[in-house]
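Structure, as structure tokens:
The values are calculated or read from the model by the stated rules, or taken from the named source; none is laboratory data. Note that the coordinates shown come from a computational prediction; the quantities given were computed from them, not determined experimentally. Every residue, glycine among them, receives a Cβ derived from its backbone with ideal geometry; neighbour counts consider all protein chains shown.
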Amino acid sequence: MNTFVFRCEAEPKAARRLVKSVIALAGEYIGDQGALHDLELALCEASSNVVRHAYQGGAPGGIEIRLGLTPGKSADIEVVDWGRGFTKEVCYENAAPCSECGRGMFLISSLADGCEVRRHGGENVVAIHKNIGNPSWKS
């Protein structure tokens with residue numbers, strides 16, 4: 001497995017650049033544009049959740065993306081923050097049509113083959129697993 005770590009402050013422009021950097025690096029290994037698009041959408045959603053919800057009252061904080069690539073097999077990504085974390089149980093179901101929010105984890109889990117939210121040692125982690133078959137990898 002090839003492992004990479006990316007970090008920035010949890011603010012919108014920096015988080016978007018962070019996601020673009022992760023996907024650019026993943027694109028050096030993965031040739032399947034559909035898989036890259038799914039990963040980018042999931043990462044945009046997870047990182048924007050950190051920006052919007054992790055640090056209360058505009059308090060400074062970071063976001064970290066850990067990318068693990070197992071060529072011929074899968075991509076494993078962790079989106080990490082050190083903010084307040086989820087205040088209630090994570091819902092992976094789609095929100096009601098009239099709801100203004102609450103679709104993030106549904107979207108992420110729909111784009112991935114596995115998704116988990118956990119808190120460990122002060123870290124809030126959204127773990128995303130995407131199976132990517134052998135033909136989809138660059139030589």
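In this structure, does TYR55 turn out to be among the aromatic types (Phe, Trp, Tyr) and at pLDDT 95 or above?
On the way: among the aromatic types (Phe, Trp, Tyr): yes; at pLDDT 95 or above: no.
No: the conditions fail for TYR55.
How many residues are outside any helix (DSSP H, G or I), among the acidic types (Asp, Glu), within 20 Å of GLY133 (Cα to Cα) and touching a helix residue (DSSP H, G or I) at 6+ places or on another chain (Cβ under 7 Å) if we restrict to the range 5-61?
Summing the residues that are outside any helix (DSSP H, G or I), among the acidic types (Asp, Glu), within 20 Å of GLY133 (Cα to Cα) and touching a helix residue (DSSP H, G or I) at 6+ places or on another chain (Cβ under 7 Å) in the range 5-61 gives 1.
Output the residue which, of all residues in the range 125-137 that are at pLDDT below 95 and either in a loop (DSSP other than H, G, I, E, B) or of a type in the set (S, T, N, Q) (or both), is surrounded by the fewest Cβ atoms within 10 Å (Cβ to Cβ).
Selected residue: ASN134.
Filter the range 54-75 down to the residues that are more than 20 Å from LEU36 (Cα to Cα), in contact with a strand residue (DSSP E or B) (Cβ under 9 Å, 6 or more places away or on another chain) and not hydrophobic (A, V, I, L, M, F, W, C), then identify the one that is surrounded by the fewest Cβ atoms within 10 Å (Cβ to Cβ).
Filtering the range 54-75 for residues that are more than 20 Å from LEU36 (Cα to Cα), in contact with a strand residue (DSSP E or B) (Cβ under 9 Å, 6 or more places away or on another chain) and not hydrophobic (A, V, I, L, M, F, W, C), the one surrounded by the fewest Cβ atoms within 10 Å (Cβ to Cβ) comes out as PRO60.
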